[in-house]
Amino acid sequence: MSEKGFNPHDPEFIQDPYSFYRRFHNEEPIVRSEHYGGFWLLTRYQDVRRALQDWETYSSATPGVTSIPMATQRDFPEYPIESDPPEHTKYRELVNPWFSKVRIVKFEPDIRRIANELIDRFINLGRADLIKDFAAPLVTRVLMLVVGLPESEAEKVNDWANVIMHGRLHDIQSAKRASSELIAYVDEIIASRRRAPQDDIFSLLTQATIDGRPLTDLEIRGYGVFLLMAGHETTIKGIGNSLWYLAAHPDDKERLINEPALITTAVEEFLRYMPPVHMLGRNAARDVEICGKQIKKGDLVAIGYGAANMDESVFEQAHTCRIDRRPNPHLSFGAGPHTCLGTHLARLEMCVAIEEVLRRIPNYQLDPSSPPERTPHGDLIGFWKLPVVFDNR
Ligand code: HEM
């Protein structure tokens with residue numbers, strides 16, 4: 001570790017967050033880092049859970065606070081994430097019905113159709129990259145469908161999201177350019193829906209009111225940009241991590257093929273053990289002392305979802321992935337007012353994606369000639385390349 005302390009984007013952490021978490025839990029449950037302007041990391045389950053529910057101490061209401069470092073400088077808040085109750089409740093209520101379980105389950109046939117269309121494209125080749133050829137196009141096309149945008153525009157949204165997420169650390173100019181293009185795309189949709197409403201989430205927002213006033217274009221932009229980003233990389237990683245695990249653990253793969261009813265339980269464990277989101281930031285809204293550490297008003301505090309999931313005081317054999325683990329109160333979707341809006345969608349997509357891969361290419365294995373590659377950041381952990389081979393005869 002450098003003299004600045006823990007760096008979540010250090011390749012060593014990205015490769016093996018587990019040994020860091022073990023050490024933090026044993027030695028330093030509240031971690032101080034001087035990277036990225038300095039921040040704290042909460043690692044114990046109870047501290048993380050409490051912080052997620054205590055928005056009066058841990059505030060989200062600052063543009064860019066959730067990403068460490070900030071994705072790109074922004075002067076508008078993203079909604080609903082960058083607001084605190086009671087405002088947050090009003091922003092959140094507007095979009096809750098759009099992502100309700102009742103609405104989302106209706107997309108299952110579409111998710112299965114898209115998954116199979118993608119598998120059809122590579123099934124005769126005997127090899128595929130399960131991120132580029134499967135998880136990424138699946139997630140982006142489904143997201144477009146769910147928010148009501150043309151599936152044909154999925155590829156450009158996927159490209160922008162990738163460049164913004166990866167560029168924020170390694171190519172800030174490209175990240176800024178992609179961010180401006182995504183904003184322009186969202187602004188154009190808002191303008192067109194103001195002229196002629198359609199059956200999509202942007203039209204809903206142009207007609208919605210908060211405290212009796214219509215939403216401004218900037219507020220709708222805040223929703224649009226965040227929804228397209230939040231539903232993208234997270235779910236790609238959720239699917240990719242699960243498919244990687246099953247390839248690397250053939251006994252569990254075999255078990256899931258033989259016991260398909262285990263899928264929902266297995267998905268919860270994949271989410272716990274390999275959470276797409278390991279940490280997001282908040283601002284301390286007042287001085288607080290935890291475990292002898294003085295967190296000052298204004299300090300940046302990272303909420304360690306990934307670390308909390310490894311807390312042995314809550315999860316027996318926390319460092320082992322047990323695909324039949326029950327109960328499984330993991331914090332991979334958060335807890336409290338900001339609990340992920342897309343949980344029903346993410347869970348459904350993960351189940352369907354895994355089911356269809358296991359059904360169509362059950363003997364897939366990691367490609368021995370091309371190892372998987374992880375994305376170069378540790379706040380969200382997963383793969384951007386997952387080459388596999390399979391014999392389909
Ligand atoms: C496996 C996939 C996903 C994971 C692991 C994930 C994880 C998370 C986490 C950790 C949070 C913060 C919760 C908190 O701090 O309490 C969050 C918030 C959020 N997620 Fe997800 N997410 C996923 C998929 C999605 C999808 C598909 C969407 C839909 C577009 C989505 C939309 C959101 C939104 C809008 C918020 C902010 C909610 C609020 O502030 O009220 N997420 N997600």
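The values are calculated or read from the model by the stated rules, or taken from the named source; none is laboratory data. On a predicted model such as this, the values are computed, not experimentally measured, just so you know. Because the Cβ atoms are built from the backbone with ideal geometry, glycine has one as well, and the counts that use them run over all protein chains shown.
Among the residues of region 199-244, those identified as among the hydroxyl-bearing types (S, T, Y) and either within 14 Å of the ligand (Cβ to nearest atom) or at positive phi (or both) are Y223, T234, T235, S242.
Residues in region 354-387 that are within 11 Å of the ligand (Cβ to nearest atom) and within 18 Å of V142 (Cβ to Cβ): 1 in all. For A115, the conditions (1) at pLDDT 95 or above; (2) in a loop (DSSP other than H, G, I, E, B); (3) surrounded by 19 or more Cβ atoms within 10 Å (Cβ to Cβ) all hold with the exception of (2). Checking the structure you have, find out if any residue of region 22-39 is within 26 Å of F315 (Cβ to Cβ), of a type in the set (S, T, Y) and within 16 Å of the ligand (Cβ to nearest atom). No, region 22-39 has no match at all.
Is there a residue in region 327-342 that is more than 11 Å from the ligand (Cβ to nearest atom), in contact (Cβ under 8 Å) with a residue 24 or more places away in the chain and small (G, A, S)? Among the residues of region 327-342, not one is more than 11 Å from the ligand (Cβ to nearest atom), in contact (Cβ under 8 Å) with a residue 24 or more places away in the chain and small (G, A, S), which makes the answer no.
Identify all residues within region 1-35 that are of a type in the set (D, E, K, R), in contact (Cβ under 8 Å) with a residue 60 or more places away in the chain and surrounded by fewer than 15 Cβ atoms within 10 Å (Cβ to Cβ); write none if there are none. Within region 1-35, just D10 meets the criteria. Here the condition is being in contact (Cβ under 8 Å) with a residue 60 or more places away in the chain, of a type in the set (V, I, T) and closer than 22 Å to R103 by Cβ; of V352, V357, it holds for V352 alone.
Scanning region 187-228 for residues that are within 30 Å of P376 (Cα to Cα) and buried (at least 21 other Cβ atoms within 10 Å of the Cβ) yields R221, G222, Y223, G224, V225, L227, L228. Against the list (1) in contact with a Pro (Cβ under 9 Å, 6 or more places away or on another chain); (2) surrounded by 15 or more Cβ atoms within 10 Å (Cβ to Cβ); (3) free of Cβ contacts under 8 Å to residues at least 60 places away in the same chain, the condition L41 fails is (3). Note on region 118-196: enclosed helices (runs of 4 or more DSSP H) holding 3 or more residues that are closer than 16 Å to I236 by Cα are 136-147, 154-170.
Between D120, D129, D133, the distinction of being surrounded by fewer than 17 Cβ atoms within 10 Å (Cβ to Cβ), at pLDDT 95 or above and either more than 14 Å from the ligand (Cβ to nearest atom) or under 30 Å from N363 (Cβ atoms) (or both) belongs to D120 only.
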